[in-house]
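Each value in this text was obtained by applying a stated rule to the coordinates, not by laboratory testing. Since this is a predicted model, take the numbers as computed values, not measurements. Cβ coordinates were reconstructed from backbone atoms using ideal geometry, including for glycine residues, and neighbour counts include every protein chain displayed.
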Amino acid sequence: MSKLRAVVLGSGNIGTDLAIKLMRSPWLECRGLVGRSLTSAGLAKAQSLGIPVSANGIAFIENHPDSCDVVFDATSAASHHEHAPVLERMGKLVIDLTPAKIGPLCVPSVNLNDCLEAPNVNMVTCGGQASSPIAYALGQTHDDIEYIEVVSSIASRSAGPATRRNLDEYIHTTEAALKKFSGAQNAKAILNLNPAVPCINMQTTVFAKTPNPDIEAFTSALNKIVAEIQAYIPGYEIILQPRLDNGRIATMVRVIGRGDFLPAYAGNLDIINCAAIAVAEGYAQRRIVDADSPKLRVVQ
């Protein structure tokens with residue numbers, strides 16, 4: 001079975017972790033990790049694993065147009081605004097892990113199929129991937145959500161320079177996803193970078209205000225969507241079951257990573273990278289059809 005060829009733009013924490021994860025995919029082949037400095041730890045790690053590397057940035061893809069079918073952009077929101085038109089002209093499928101918000105906001109457990117026709121898909125944020133499924137379950141069981149608030153806490157060591165530069169975009173993009181998937185009138189997102197040692201696991205708390213809270217219905221919808229999420233993010237776990245807290249619905253999720261590039265506490269990397277791979281694998285499966293035999297083949 002032929003695989004969809006993938007290149008990762010950005011050799012920071014997210015990009016490096018993503019390139020390593022791609023090596024396990026039955027549908028995707030990592031054809032390169034591209035950064036801007038050959039001395040970066042990410043490129044060194046990729047090279048040690050046999051992944052082709054380049055320090056030429058997006059120029060690598062422009063100079064090697066046949067190197068990939070899909071590009072994962074793990075740089076920054078500002079950089080993605082520069083990359084997107086170039087990749088569009090080249091006809092590449094683009095999965096954007098920055099909060100640039102150019103393409104449709106995608107959370108695989110919620111709207112994967114709706115996004116597979118788009119040439120550029122936005123993976124929201126790490127906090128957005130953790131909280132949007134919860135927001136969706138709230139929206140499915142309540143049509144009168146007045147306010148939703150999300151507080152994500154991650155280990156400071158898991159937040160690289162690009163994440164820190166993009167904090168404003170992170171907030172705006174996460175809030176846009178919360179409104180989109182819950183139907184809430186107002187939304188607020190908060191990100192805490194916790195410097196504690198030992199490092200904390202990623203945790204995200206969701207509060208929602210509604211005049212008619214239905215905890216039983218929400219819990220049932222949430223359990224169903226959590227089972228779907230765990231198919232691609234096994235470390236996703238509800239650690240505070242839905243309840244009323246001062247008149248608000250409250251619940252909390254913890255995400256423990258696989259420890260591919262950073263330790264398991266960096267669940268914020270795992271959740272957005274696993275979600276991005278789920279989208280790319282969805283693209284790949286769309287390109288595969290059943291031949292006369294049970295074997296699958298790529299449609300040219």
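For the chain, the antiparallel share of DSSP beta bridges with both residues in that region comes to about 45%.
When each of the peptides 103-110, 126-133, 114-121 is scored by how many other beta carbons lie within 10 Å of its residues on average, the order from highest to lowest is 126-133, 103-110, 114-121. Relative contact order of the range 126-265, please, whole-number percent, based on alpha carbon pairs below 8 angstrom and at least 6 residues apart. So the answer I get is 30 percent. The convex hull around the C-alpha trace of the chain, projected and averaged over every direction, spans 15.8 square nanometres. Ranked by the mean number of other Cβ atoms within 10 Å per residue, highest first, peptides 242-254, 199-211 order as 199-211, 242-254. Of all aspartates and glutamates in the structure, those lying under 17 Å Cα to Cα from residue 21, and not within fewer than 8 positions of it along the same chain, are 29, 73, 96, 260, 270, 281.
Comparing Cα centroids, the range 41-93 and the range 178-253 end up 33 angstrom apart. Here the Karplus relation 6.51 cos²θ - 1.76 cosθ + 1.60, evaluated at θ = phi - 60°, turns the backbone of the range 174-191 into coupling constants of 5, 5, 4, 5, 4, 5, 4, 8, 9, x, 5, 6, 9, 9, 9, 10, 10, 10 Hz, with x for every Gly and Pro.
In the structure shown, the pairs 3/180; 101/180; 188/224; 92/180 are assessed against 21 Å; a Cα-Cα span above that value is assigned to 3/180; 188/224; 92/180.
Approximating the spin labels as points 7 Å out from Cα along Cα→Cβ, the residue 220-to-residue 90 distance works out to 4.9 nm.
Within the shell of other residues whose beta carbon sits under 13 angstrom from the beta carbon of residue 250, the net charge comes to +1, with Lys and Arg scored +1 and Asp and Glu -1.
Residues 9, 28, arranged from fewest to most other Cβ atoms within 10 angstrom of their Cβ, appear as 28, 9. Sorted from greatest to least, the principal axis extents spanned by the alpha carbons of the range 139-185 come out as 39, 18, 14 Å.
Residues whose amide H comes within less than 5 Å of that of residue 55, counting only those at least five positions distant or on another chain, are 35 (H built at 1.01 Å from N in the peptide plane). Each DSSP beta bridge with both residues in the range 126-265 is either parallel or antiparallel, and the antiparallel ones are about 70%. Is the range 148-300 rounded, prolate or oblate when judged by the Cα gyration tensor, a ≥ b ≥ c being the square roots of its eigenvalues, rounded requiring a/c under 1.5 and prolate requiring a/b larger than b/c? It comes out oblate by the Cα gyration axes. The label point for residue 165 and the one for residue 47, both projected 7 Å from the Cα toward the Cβ, are 2.2 nm apart. Each peptide in 278-284, 67-73 gets a packing score, the mean of other Cβ atoms within 10 Å over its residues, and the list from highest to lowest is 67-73, 278-284.
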